[in-house]
Amino acid sequence: MREQPCGCIEIVNRKLLPRLHLTAGKKLSEQIYEFLRMQIVKRQIPPGTALSENELAAHFDVSRNPIREAIGRLRNNHLIEIMPQKGTFVTKISISNLKDICFVRGALETAAVRNIPNLTEKEFFAVIKALDKNMAQQRKQQTGKAENSSRFLELDDEFHKIICDLSKTSLSWQMIHSVKANMDRVRYLSLSHVTTVSELSQCHEEIYEAIAAKNIEKACELIEKHSYEITRTYKQIMEESSEDWFEETEN
């Protein structure tokens with residue numbers, strides 16, 4: 001087991017965790033999981049932070065059961081580590097998990113693109129129309145005085161979800177979203193350190209043009225390259241950032 005740094009933060013005691021307005025009719029553990037996941041992804045809860053079931057339950061005003069379920073999902077996504085007799089801690093970004101995510105996303109998105117010949121013209125046009133609208137919004141993100149990284153990354157997710165729609169199954173994007181938490185952590189770090197919105201948007205432009213032209217091999221080649229680009233990005237972040245965000249781990 002890896003040693004966590006001394007003086008780990010108890011997030012609820014320090015009041016570092018924002019309040020969450022829970023929605024009636026929606027599973028509590030799902031809401032809490034998504035909320036904590038995003039707090040970790042955006043570095044609002046940094047690596048080394050201690051999470052307490054009791055304190056989280058008090059913070060969200062719920063029983064420990066939904067907290068336990070949410071923590072289990074965070075652990076499955078390599079966002080936290082449970083250390084016996086020590087506690088539960090937010091992990092650094094697992095490089096091995098990051099590489100696994102790149103493979104899964106690339107495989108599922110290229111499979112979706114290869115399904116284009118099975119689409120009707122109406123189905124294909126609907127996807128192209130959605131991609132065109134998304135790209136128009138991405139271009140607007142480049143024209144402002146300040147790049148809105150959170151908004152752009154929402155559009156980035158939407159762009160890749162639309163590509164998955166080519167598969168005619170919602171399962172493709174659901175699978176990608178369920179495992180890509182550490183990739184999302186690098187995406188937010190990237191826009192803070194080494195990558196610009198313009199660079200990412202240009203990659204999307206090239207993929208969009210290849211799909212619109214039904215150039216399947218070109219689109220798949222670009223998607224594969226784009227999927228693994230983040231492995232270059234994390235190395236740049238390691239070189240340029242003064243903080244230690246990454247660790248080599250075994251799956």
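When the helices in the chain are scored as -39500 (n - 2.57) per DSSP H run of 4 or longer and the sum is shared across all residues, what 222 nm value do you end up with, to the nearest 500 deg cm²/dmol?
Working: 10 runs with 157 residues, N = 251.
So the calculated ellipticity at 222 nm is -20500 deg cm²/dmol.
How big is segment 157-249 in terms of Cα radius of gyration and Dmax, in angstroms?
Using the Cα atoms of segment 157-249, the pair Rg, Dmax is 14.6, 44 Å.
With +1 on the Cβ of every Lys and Arg and -1 on the Cβ of every Asp and Glu, and nothing else charged, how large is the dipole of segment 29-83 about its Cα centre, in debye rounded to the nearest 20? All intermediate terms of the calculation are to be shown ahead of the outcome.
Numbers: 7 positive and 7 negative charges, 41 e Å.
With Lys and Arg at +1 and Asp and Glu at -1, about 200 debye.
Specify the residue with the greatest mean-square fluctuation among R73, R64, R37, computed from a Gaussian network of the chain linking alpha-carbon atoms under 10 Å apart.
Maximum fluctuation in the GNM of the chain, among the listed residues, is at R64.
What whole-number value in cubic angstrom gives the convex hull volume per residue for the C-alpha atoms of the chain?
Spelled out: Cα convex hull of the chain, divided by residues, is 146 Å³.
Given N residues in segment 52-128, what is its alpha carbon radius of gyration divided by 2.2 N^0.38 Å?
Normalised Rg, Cα atoms only: 1.74.
Using amide H atoms built 1.01 Å from N in the peptide plane, name the residues 5+ places from V194, or on other chains, whose amide H lies under 5 Å from its own.
For V194, whose amide H was placed from the backbone, there are no distant partners under 5 Å.
In the Gaussian network model of the chain, springs joining C-alpha atoms below 10 Å, which of K92, K27, K225 carries the largest mean-square fluctuation?
K27
Between S63 and F125, what is the label-point separation in nm under the 7 Å Cα-to-beta-carbon projection?
Modelled inter-label distance: 5.3 nm.
So if I take the centroid of the Cα atoms in segment 170-234 and the same for segment 54-128, what is the distance between those two points in Å?
If we compute the Cα centre of each part, the gap is 16 Å.
In debye to the nearest 20, how big a dipole does the chain give about its Cα centre with +1 on each Lys and Arg Cβ and -1 on each Asp and Glu Cβ? If you can, show how the numbers build up before the last one.
Values: 35 positive and 36 negative charges, 135 e Å.
Value, rounded to 20: 640 debye.
Using only Cα atoms, what is the ratio of the radius of gyration of segment 94-243 to 2.2 N^0.38 Å? Intermediate values should be presented prior to the final figure.
Details: Rg = 15.2 Å, N = 150, 2.2 N^0.38 = 14.8 Å.
So segment 94-243 has a normalised radius of gyration of 1.03.
Along the positive direction of the dipole of segment 163-213 (beta-carbon charges: Lys, Arg +1; Asp, Glu -1; about the Cα centre), which of I207, S170, L191 reaches farthest?
S170
Please rank D156, D61, fewest neighbouring Cβ atoms within 10 Å first, as an exposure proxy.
Least to most surrounded, the residues fall as D61, D156.
GNM on the chain, C-alpha springs below 10 Å: top fluctuator among A126, A136, A50?
Between A126, A136, A50, it is A136 that shows the largest mean-square fluctuation.
Go ahead and collect, in residue order, the members of segment 19-39 whose backbone nitrogen is under 19 Å from a label point 7 Å along the Cα-Cβ direction of S52.
Backbone N within reach: 19-20, 36.
Only the coordinates and a few stated rules stand behind these numbers; no lab work does. For clarity, every value in this text was computed on a predicted model and none was experimentally measured. Cβ atoms come from the backbone with ideal geometry, glycine included; neighbour counts cover every protein chain shown.
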